[in-house]
């Protein structure tokens with residue numbers, strides 16, 4: 001497929017927040033190199049905000065599993081489909097449209113070998129945007145990182161405050177969450193050293209954020225019910241965001257905020273480390289049971305949870321201060 005001759009493209013990435021934000025360097029590169037392209041993006045309704053104001057997307061189409069959607073897409077007469085989801089839902093759509101396509105080839109074998117046999121065939125750590133880019137001939141990524149725009153109407157009560165550190169203690173899977181007691185100790189060290197601590201999270205994080213706010217003296221809980229624009233507005237006023245391997249990690253990256261992320265059961269080799277910003281991943285590399293998953297687990301299969309429990313608040317805070325010194 002010669003992209004210079006293509007007019008209409010459909011990009012498919014249905015979920016989730018971080019994965020969708022990681023597509024934005026690809027979209028930008030396509031539009032910059034081939035300005036004639038009209039780019040449509042197919043996504044689940046829950047994640048529309050992540051690309052709603054993206055200037056390189058012409059139309060956002062909300063995914064639903066209906067014959068009507070397939071008919072609508074077929075009538076749009078796309079010249080090319082770029083399937084960055086590559087699951088049974090997206091494959092169904094690609095088959096229905098019957099046009100040339102590129103698809104993201106997931107390194108499933110490599111991940112399986114690393115998780116189950118600790119055979120590392122991913123030693124050359126590539127970010128997900130780099131892996132997405134390998135799908136599409138004729139494009140090169142720029143160095144601008146992820147992209148997330150929010151309406152000007154979204155303001156933060158943090159505006160004007162100095163030395164604000166955002167803490168995002170949530171993650172969908174238990175084995176991706178640094179213990180709340182550790183976050184509390186870390187946060188109180190921040191307060192003692194003159195930082196302002198703001199706690200951020202989505203709907204599933206409300207309880208842990210509320211509990212953490214009670215444990216960190218003078219902290220502010222600004223978690224909400226998945227109001228991405230508002231959370232992003234708060235992040236833009238932070239000096240650093242400290243978080244787990246989560247969607248909010250990529251949100252902070254997308255607005256250029258330095259990120260310190262704690263990785264437990266997952267590893268950087270999977271490609272999901274903070275992209276395009278000054279960042280630090282804190283992880284326990286002294287375990288032969290890690291990684292135990294490529295997405296996260298509801299509990300530690302060894303029961304000791306050393307991948308997170310052995311990252312102490314003191315050691316994390318030492319790395320935090322060194323990180324700031326290098327900013």
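Rule-based calculations on the coordinates, nothing more; no lab input. The structure displayed is predicted, hence computed values, not measured ones. Neighbour counts are summed over all protein chains in view; Cβ atoms, including those assigned to glycine, are modelled from backbone coordinates with ideal geometry.
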Area projected by the alpha carbon convex hull of the range 16-63, averaged over all directions, nm²:
2.9
With a 10 Å cut-off between alpha carbons and a GNM built on the chain, which of 264, 276, 194 moves the most?
194
Order of 96, 192 under a 10 Å beta carbon neighbour criterion, fewest first
192, 96
If one compares the long axis through the Cα atoms of helix 180-192 with the longest principal axis of the Cα atoms of the chain, the angle in degrees, nearest 10, works out at 70
When all C-alpha to C-alpha distances in the range 263-327 are sorted into bins of 5 Å, what percent of pairs does each bin hold, rounded to whole numbers?
3, 15, 25, 22, 19, 11, 4, 1
Selected from 209, 289, 238 as most flexible by GNM, with the chain as the system and alpha-carbon contacts under 10 Å:
289
Expected max-MSF residue from 152, 19, 181 in the GNM of the chain (alpha carbon, under 10 Å) is 152
Given [x] 0.93; [y] 1.03; [z] 1.12 as possible values of Cα Rg over 2.2 N^0.38 Å, the one from the coordinates is [y]
Estimated D of the range 186-280 in µm² per second, where Rh is the Kirkwood radius over Cα pairs and Stokes-Einstein applies at 20 °C, 1.002 mPa s:
155
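Could you list 265, 153 in order of exposure, starting from the residue whose Cβ has the fewest other Cβ atoms within 10 Å? Each step should come with its number before you reach the end.
On the way: 265 25, 153 7.
Ordered by Cβ neighbours within 10 Å, fewest first: 153, 265.
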Which value in deg cm²/dmol, rounded to the nearest 500, describes the helix-derived mean residue ellipticity at 222 nm for the chain, given -39,500 (n - 2.57) per DSSP H run of n ≥ 4 and division by the residue count?
-9500 deg cm²/dmol
Measuring from the longest principal axis of the C-alpha atoms of the chain, the long axis of helix 24-33 (C-alpha) lies at a number of degrees, nearest 10, equal to 40
How far apart, in nanometres, would the label points at residue 225 and residue 5 be if each is projected 7 angstrom from Cα along the Cα-to-Cβ direction?
5.2
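Dividing the convex hull volume of the alpha carbon atoms of the range 66-197 by its residue count, what do you get in Å³ per residue?
Each residue corresponds to 247 Å³ of Cα convex hull volume.
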Would you kindly work out the equivalent ellipsoid of the range 164-325 from its C-alpha gyration tensor and give its semi-axes, the square roots of five times the eigenvalues, largest first in whole Å?
22, 17, 16
Centre separation in Å (Cα based) which lies between the range 157-175 and the range 249-326
15
Rule-of-thumb Rg ratio for the range 3-135 [Cα; 2.2 N^0.38 Å; N residues]
1.10
Ranking 277, 94, 240 by Cβ neighbours within 10 Å, fewest first, what do you get?
277, 94, 240
